[in-house]
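The structure appears right after this line, and notes come after that.
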Amino acid sequence: QVQLVESGGGLVQAGGSLRLSCAASGGTFSRYDMGWFRQVLGREREFVAAISGGGSITYYADSVKGRFTISRDNAQNTVYLQMNTLKPEDTAVYYCAARASTSVVRTYGYQYWGQGTQVTVSL
């Protein structure tokens, strides 16, 4: 069983930056692909970014490509989401998630989820 705890959310002005962290425990971290998702109240949760277990493969939603960067430190059992040039439409609760690694980084099928961290981008 993998436990995930996000941190780093907060309030930032449009154009600013935030870095989210997700600390994992309870499993061999490098054997899990990691993803970031976000959800606005009343809307479906949407995929943001994913990274392979070894960190060599990343994948992004079109809406964040070029602005967000996912990375991981397997020695620290932590995955990060660096968010730059933030926009008001990035406002959401951000969740990290884990799934057993496969040959392809996927946007679905994540088995373990954190509790979420709020990101609010003001004008």
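Show D33, D73 ordered by accessible area, largest first, where the area counts protein heavy atoms only and the probe is 1.4 Å.
If we order D33, D73 from most to least accessible, we get D73, D33.
Over the chain, what is the mean sequence separation of C-alpha contacts under 8 Å (at least six apart), divided by residue count, expressed as relative contact order in percent?
So the answer I get is 36 percent.
Tell me the GluC sites (Glu not before Pro) within region 23-92 that lie in a loop according to DSSP and have at most 16 other beta-carbon atoms within 10 Å.
Loop-located and lightly packed - E44.
Quick check: at a probe of 1.4 Å, how many percent of the accessible area of the chain sits on carbon and sulfur atoms?
Here carbon and sulfur together make up 48 percent of the probe-accessible area.
Can you give the accessible area per residue of the chain, in Å², using a 1.4 Å probe?
Here the per-residue accessible area is 51 Å².
Could you give the nm distance between label points at D62 and S103, where each point is 7 Å from its Cα heading toward the beta carbon?
It works out to 2.8 nm between the two label points.
The values are calculated or read from the model by the stated rules, or taken from the named source; none is laboratory data. Keep in mind that this is a model prediction, so the values were computed, not measured. Reconstructed Cβ throughout: ideal geometry from the backbone, glycine too, with neighbour counts over all protein chains shown. Just so you know, the surface numbers come from the protein's heavy atoms only, side chains and all, with ligands and any DNA or RNA stripped out. Shrake-Rupley method; radii C 1.70, N 1.55, O 1.52, S 1.80 Å.
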